[in-house]
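Enquirer: Can you read through this structure? Questions will come right after.
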Amino acid sequence: MESLVLTNDILCELSKQSEESANLIKKEQLLEESLSKTISLNIYHSLQNTSETFQDKLNSFKNNLQEKIQTIKSLKQEIEEQKTKEKSMKKNLAKLKEQDHESQDFEDSILYIESQELEYLSSEIQTQRLLLSLKAEEFHEKTQQSYVKAEKIRNLKEKLNAYETTILTSSPLPFSPPKTEYQANPLPIPVFSESSTFSEIPFKHTEKSLSNETLKQAEEASSLQGQKNKTIGKVLLSKNKKQKKLVEADDFFAELTGDGRKKV
């Protein structure tokens, strides 16, 4: 009889322990689901902020491009005005030749002065065209960079949409080990990298990848600036390349469309 009572007590105790274990497992699962949702929302907001930052930078860059286009148009107008002045001076020179045939020395002196002025104006026009050609090259480089940034923004938006879909359609978390074992052996948190795919959901953003990308862009910008300075020095020192640059500037004007953008 006493053994039967002990057996009932043991069964009751085991039943209580089983219920407590089940409650602990449910609480642990609820905690894991809450933690997973919190991490997912943080990543979602982080990606959304990154996309908005890139969009702001792209808008700022578009405004800078419009300013560059206006500068190029102003330079073109100045060159046209200088050409008009050159034609006007030639007409004035022709009038002087018709009015003064009596003094050859006076005519020669006038011709010399006018030729010097024309040569100076021609040199100024060539210099303006060279500067305009260099600005056109810079404009082309900036346009290519804007296309690259726009592509990055588009990829980020696609990843953001795909990740949002993954969060909404994700299945419940599988069974987890007891709390003590989970604390002793926590699951590793994957680290974000540029080569990560969305089969590897990133949970952490490292500063290392961002600093490497920033350093790479700074090195590319420094290299481009050095090449540009070398090009300017070669153009200004070599007279044989002036005609070639003038032709390139004329081709650039011919390829400009009605909205002031060059076809790429």
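Enquirer: Just one of Glu52, Glu124, Glu119 is exposed (fewer than 12 other Cβ atoms within 10 Å of the Cβ), of a type outside the set (Ser, Thr, Tyr) and farther than 30 Å from Lys159 by Cα; which is it?
Expert: From the options Glu52, Glu124, Glu119, the qualifying one is Glu119.
Enquirer: Could you check, for the range 22-34, whether at least one of its residues is among the polar types (S, T, N, Q) and either surrounded by 13 or more Cβ atoms within 10 Å (Cβ to Cβ) or closer than 30 Å to Gln145 by Cβ (or both)?
Expert: So far as the range 22-34 goes, yes, one or more of its residues are among the polar types (S, T, N, Q) and either surrounded by 13 or more Cβ atoms within 10 Å (Cβ to Cβ) or closer than 30 Å to Gln145 by Cβ (or both).
Enquirer: Which one of Asp105, Asp56 is part of a helix (DSSP H, G or I), of a type outside the set (S, T, N, Q), at pLDDT below 75 and out of contact with any strand residue (DSSP E or B) (no Cβ under 7 Å at 6 or more places or on another chain)?
Expert: Only one candidate qualifies: Asp105.
Enquirer: Based on this model, can you work out whether Glu86 counts as over 30 Å from Glu220 (Cβ atoms), surrounded by 14 or more Cβ atoms within 10 Å (Cβ to Cβ) and either over 23 Å from the mean Cα position of the chain (by Cα) or not charged (D, E, K, R) (or both)?
Expert: Yes.
Enquirer: Please count how many residues of the range 34-73 are of a type outside the set (S, T, N, Q) and closer than 18 Å to Tyr163 by Cβ.
Expert: The number of residues fulfilling the criteria is 10.
Enquirer: If only one of Glu20, Glu81, Glu33 is in contact (Cβ under 8 Å) with a residue 12 or more places away in the chain, among the acidic types (Asp, Glu) and in a helix (DSSP H, G or I), which one is it?
Expert: Glu33
Enquirer: Here's something else I'd like to know. Being touching a helix residue (DSSP H, G or I) at 6+ places or on another chain (Cβ under 9 Å) and under 15 Å from Gln128 (Cα atoms) is true for just one of Ile79, Ile69, Ile43. Which residue is that?
Expert: It is Ile79.
The values are calculated or read from the model by the stated rules, or taken from the named source; none is laboratory data. Keep in mind that what you see is a predicted model, and the values were worked out from it rather than measured. Positions of Cβ are backbone-derived with ideal geometry, glycine not excepted, and every protein chain shown enters the neighbour counts.
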